[in-house]
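Working notes, beginning with the structure itself.
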Amino acid sequence: MDDSFNPAFLTDVDVDFDFLRAQTRHPDENYWISEEQVEEMTAQDGGEFPNTNDWKDDAPGVISNTVVTMEKARIHTWKQGRTEIGILRTVWGEDHPSFDTLATRIFGPKSKLYHLLDDELSLSYEKYCRFLATFFAASCRSTPASRLLDDHLFNSTGMMERGEYHRLIKLIEEHRSGDESLWMQIEEIFNSLSKKHFLSKRGEEELYIALDDDKHHFNYSKHADTYGLLRARHIKTNRMGHIAHTAGLSATGMPLCVMFQREEETQSQVYERMCKKMFGGQTGNGNPSLQVHCFFF
């Protein structure tokens, strides 16, 4: 084999580079961690497992036990996708469930989410639909709703006006029912529905789940009420905000669980809470029965 094609002779290779993500990454995205997370990851009480300060690079030029495979990831992803779709078909009893079916069951007029907002905020179904349309249109474009609605090139027909949208967002943010904020109840309903639709019929199937921590920016004032959210500083952007931890199926990308980090809560505690929510139905506060592999992004 010619040396120019021998991996052992390559230098300065970015093994973590993913050209697919590089083409779609938003310039404002970052995957840095907060100061609290750094302290947690580098703590010296990790037991028998090494922490990040114990990691060491091999000496230059040392390559040992190297295995190179071709197309294996595509084959694995295809098999995993079939497993995930099979679970969904079993739950719904349909071979080809449509997006309309998915949207109606999770967000429709009979959904728990709509009934919660109707009961707590007296929200009409028409206003509820316009709110969801505005929220998801902004989310899929990674832009604030106010900026999207001000863009004259964007067709906002059927969506909320800027002022109406922000009034409803603020109402959801501040509304409380007993000792829980409304956003906590919305979080619980969404996670329960996701578990029902995407995990309840997994049987003995092995799943691969991707975990990510999305760092949101929010300019809290010094004495602002965060309504239970952890007040965090994101290191790279030097911005304040909160952190949404997300778990999703690795092939289809279906969201399984989304939990916001709470006050006085560490990152590992959030992941433990997520695992118990997704897989701890029969084990309670004990260790959940996992048949999954997790990847962190």
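Would you say PHE218 is under 19 Å from SER139 (Cβ atoms), of a type in the set (Phe, Trp, Tyr) and not assigned by TED's automatic domain parsing to the domain that holds LEU113? In short, yes. For segment 168-176, indicate whether the set of residues that are without any contact (Cβ under 8 Å) to a residue 60 or more places away in the chain and surrounded by fewer than 14 Cβ atoms within 10 Å (Cβ to Cβ) is non-empty. Within segment 168-176, one or more residues are without any contact (Cβ under 8 Å) to a residue 60 or more places away in the chain and surrounded by fewer than 14 Cβ atoms within 10 Å (Cβ to Cβ). Residue count for segment 152-163 satisfying the condition of being free of Cβ contacts under 8 Å to residues at least 24 places away in the same chain and either loosely packed, with under 12 Cβ neighbours inside 10 Å or closer than 12 Å to LYS127 by Cβ (or both): 6.
Whenever a residue of segment 241-263 is assigned by TED's automatic domain parsing to the domain that holds LEU230, its partners that are in a loop (DSSP other than H, G, I, E, B) and basic (Lys, Arg), lying with C-beta atoms within less than 9 angstrom and at least six residues away or across chains, give the pairs GLY241/ARG231; HIS242/ARG231; GLU263/ARG231. ALA133 versus (1) over 28 Å from PHE99 (Cβ atoms); (2) in the same structural domain as ASP118 (by TED's automatic domain parsing): which is the lone unmet condition? Going through the list (1) over 28 Å from PHE99 (Cβ atoms); (2) in the same structural domain as ASP118 (by TED's automatic domain parsing), ALA133 breaks only (1).
Those residues that are at pLDDT 75 or above and exposed (fewer than 14 other Cβ atoms within 10 Å of the Cβ), I need them from segment 218-228; list them, please.
Pass one, segment 218-228, residues at pLDDT 75 or above: 225-228.
Passing the criteria: only ASP225.
Would you check if there is a residue in segment 71-79 being modelled with pLDDT under 85, surrounded by fewer than 12 Cβ atoms within 10 Å (Cβ to Cβ) and more than 26 Å from the chain's Cα centre (by Cα)? Yes, there is a match, as at least one residue in segment 71-79 is modelled with pLDDT under 85, surrounded by fewer than 12 Cβ atoms within 10 Å (Cβ to Cβ) and more than 26 Å from the chain's Cα centre (by Cα). All told, PHE9 meets the bar of being surrounded by fewer than 10 Cβ atoms within 10 Å (Cβ to Cβ), modelled with pLDDT under 75 and of a type in the set (Phe, Trp, Tyr). Evaluating VAL91 against the criteria (1) under 21 Å from ILE186 (Cα atoms); (2) surrounded by 15 or more Cβ atoms within 10 Å (Cβ to Cβ) leaves one unmet condition, (1). Of the residues making up segment 229-251, those that are hydroxyl-bearing (Ser, Thr, Tyr) and either part of a strand (DSSP E or B) or surrounded by fewer than 16 Cβ atoms within 10 Å (Cβ to Cβ) (or both) are THR237, THR246.
The values are calculated or read from the model by the stated rules, or taken from the named source; none is laboratory data. Remember, it's a predicted structure, so these values are computed and weren't measured experimentally. With ideal geometry, Cβ positions are generated from the backbone for all residues, glycine too; neighbour counts draw on all protein chains shown.
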